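The values are calculated or read from the model by the stated rules, or taken from the named source; none is laboratory data. This is a predicted model, so every value here is computed, not measured. All Cβ positions, glycine included, derive from the backbone under ideal geometry; neighbour counts span all protein chains shown. The protein model used for the area step is the full one, side chains on, heavy atoms only, and it has no ligands, DNA or RNA in it. Shrake-Rupley method; radii C 1.70, N 1.55, O 1.52, S 1.80 Å.
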Amino acid sequence: MDKLRITGGRALEGAVRISGSKNAALPVMAATLLAPGVHRLRNVPRLRDTQTFARVLELLGAKVAFEGNLLTIDTQGVNSVEAPYELVKTMRASIYVLAPLLARFGRARVSLPGGCAWGPRPVNLHLAGLQSMGAALEIEHGYIVGRDVRLKGATVGFDVVSVGATVQLMLAAVLAEGSTVLENAAIEPDVTVLGEVLVACGARIEGLGTRRLEIHGVSALRPIETSIIPDRIEAATFAAAAAMTGGRIRLEGVRPEHFEASLRKLEEAGCVVERGADAVAVAGPARPRPVNVVTQPYPGFPTDMQAQMIAVCAVASGTSVIEDTIYLDRFTHVQELVRMGAHIELKGNVAVVAGVERLSGAQVMATDLRASASLVLAGLAAEGETVVDRIYHLDRGYEALEKKLGALGARIERVK
Ligand code: EPU
């Protein structure tokens, strides 16, 4: 298992090009199943998760080829409707193939994702929504099974805002018979952009970017030609690196409006942020100021930046309070940060972080992607050497992280 060895204490300086978004790419990859044909997706990040999704599509019978960041997916030969446990258990987003398979073949057999490293992550809203659209789904031997399904338009109201359930239902509705209304839909850029991509292929969707989507089923879609939007969480993570190390980082190829909530928090913490059309410059303070954070669905502060923000607050000049309202148990980074000298008290889903002047390097490991990112940030700011173990989590969601950080002056190396 690879590790990252980081010698901390250097201010990061320079420019970094932000990669395509993982969470925007995965729904578009699933959408290729809706239209038999050759799809071309540009700016797809080369990550373990996009590779896993490519593997799921291959098992279904698609031909998938990566050339740099261009992903070509030929879905003409898709002839299987089964997404196996071995892949779904490694990446929950594999469940996105469910609706497209039901829409195209009227049947599907998709493993039910299990628990996640930081607690339960149910898919009840996906299943209930599809059931309202006429899909009689059964759970058999750990699999979600649908047979003889004909999807029909329906009104589906979500009691919590869910990115995944909104994506799943959009994928179900675009080819369904009649009209579907999704109420309390997610408005994360990943969702809105998926809608725009589908519209460009012939789908009829009204209300994109709002909490009420109206989708009128069409009989067929054209293949997808698109470029994946930049990764707002990767961008915000590099911005946090500037904040923690007192560095100056220019984020290139970004959509500043997509991570405005994170930028505003970092400004509150003392960063100076300059926003351009497709670039953002972040200059970190000598020491961050404490900030209070409550995670919310978009456009609020994202849960996917909670762990990194705790790392920033760990070296702030006072006490910060950070609450995660989306995932109540997503705090596996806290005990590892404590091993690096952070003063953090966890009370349920609230972390009270009393900033210390310096963290000290240590051997740490994390059990998920953003927690690992938080430990890398802590290592960059810490005194001495930090070794972050189990970095396959980072490889799921950050393209060439150590190369990008190295180019900004970090002393970081991958140890095989
Ligand atoms: N929820 C339910 N029932 C459901 C679905 C969700 O109760 O059927 C709850 C969840 O437990 C959670 C809330 O709804 O409390 C929001 O979850 P959501 O469905 O929005 O999350 P997701 O679609 O499973 C995506 C991202 C996550 C990100 C969340 C929240 C992808 C592939 N994943 O997950 O990204 O944390 O939205 O923004 O888009 C990551 O990139 O590190 C990551 C975990």
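Pick out, from Ala31, Ala62, Ala277, the residue whose Cα sits farthest towards the positive end of the charge dipole of the chain, with +1 on the Cβ of Lys and Arg and -1 on the Cβ of Asp and Glu. About the Cα centre, the residue reaching furthest to the positive side is Ala62.
Rounded to the nearest whole Hz, the Karplus-based 3J(HN,Hα) values (6.51 cos²θ - 1.76 cosθ + 1.60, θ = phi - 60°) of segment 335-345 follow the sequence 5, 6, 5, 4, 5, 8, x, 6, 9, 10, 10, with x at glycine and proline.
Could you tell me whether segment 6-69 comes out rounded, prolate or oblate from its Cα gyration tensor? Rule is a ≥ b ≥ c as square roots of the eigenvalues, rounded for a/c under 1.5, then prolate if a/b exceeds b/c, otherwise oblate. In terms of gyration-tensor shape, prolate. Magnitude of the charge dipole for segment 157-301, about its Cα centre and with charges confined to Cβ atoms of Lys, Arg (+1) and Asp, Glu (-1), is about 480 debye. For His343, the residues whose amide H sits under 5 Å from its own are Ala354, Val356, ignoring neighbours fewer than 5 places away on the same chain, with H placed 1.01 Å from N.
Kindly provide log₁₀ I(q)/I(0) values, in the same order as q = 0.11, 0.12, 0.14, 0.18 Å⁻¹, from the Debye equation applied to equal alpha-carbon scatterers of segment 182-337. Debye output, listed in q order: -0.51, -0.59, -0.76, -1.05. The phi-based Karplus calculation (6.51 cos²θ - 1.76 cosθ + 1.60; θ = phi - 60°) puts the 3J(HN,Hα) values of segment 214-219 at 10, 10, 9, x, 10, 7 Hz, whole numbers, x for Gly and Pro. Hydrodynamic radius of segment 116-267 by the Kirkwood approach over all distinct alpha-carbon pairs: 17.5 Å. Amide hydrogen proximity for Gln363: with H placed 1.01 Å from N in the peptide plane, the residues at 5 or more positions away or on another chain lying under 5 Å are Val387. What is the helix-to-structure angle for 232-245, meaning the angle in degrees between its Cα long axis and the longest Cα principal axis of the chain, kept from 0 to 90 and rounded to the nearest 10? Computed tilt is about 0 degrees. Across the alpha-carbon set of segment 166-214, the Rg to Rh ratio works out to 0.90, Rh being the Kirkwood radius. Spatial offset of segment 13-27 relative to segment 356-389 amounts to 22 Å, using the alpha carbon center of each. Scattering from segment 122-196 was approximated by placing one identical point on each alpha carbon and applying the Debye formula without solvent; log10 I(q)/I(0) at 0.12, 0.15, 0.22 1/Å stands at -0.31, -0.48, -0.99. Here the alpha carbons of segment 280-342 define both size measures, Rg and Dmax, at 12.2, 33 Å. Amide H to amide H, with H built 1.01 Å from N, Ala279 comes under 5 Å of Val254, counting only residues 5 or more places away or on other chains.
Remark: segment 192-203, residue by residue, has Karplus-estimated 3J(HN,Hα) of 5, 5, 4, x, 5, 5, 5, 4, 5, 9, x, 6 Hz, where x stands for each Gly or Pro and the curve is 6.51 cos²θ - 1.76 cosθ + 1.60 at θ = phi - 60°.
How big is D for the chain, in µm² s⁻¹ as a whole number, if Stokes-Einstein is applied with the Kirkwood radius of its Cα pairs at 10 °C and 1.306 mPa s?
Details: Rh = 21.7 Å.
Result for D is 73 µm²/s.
Once you compute Rg and the Kirkwood Rh from C-alpha atoms, what is the Rg to Rh ratio for segment 262-416?
On the way: Rg = 14.8 Å, Rh = 15.8 Å.
Reported Rg/Rh (Cα atoms, Kirkwood Rh): 0.94.
Other residues with beta-carbon under 11 Å from the beta-carbon of Ser317 carry, at +1 per Lys or Arg and -1 per Asp or Glu, a net charge of +1.
Run the accessible area of segment 228-343 with a 1.4 Å probe and give the carbon-and-sulfur part as a rounded percent.
On the way: 1940 of 3960 Å².
Its accessible area is 49 percent carbon and sulfur atoms.
When the trypsin sites (Lys or Arg not before Pro) in segment 324-363 are filtered for DSSP coil states and for at most 11 other beta-carbon atoms within 10 Å of their beta-carbon, no site remains. Here the sum of -39500 (n - 2.57) over DSSP H runs of 4 or more residues, divided by the residues of the chain, equals -9000 deg cm²/dmol at 222 nm, to the nearest 500.
I'd like to check one number: the per residue accessible area of the chain, probe 1.4 Å, reported in Å² as a whole number.
On the way: 15700 Å² over 416 residues.
Value returned for the chain: 38 Å² of accessible area per residue.
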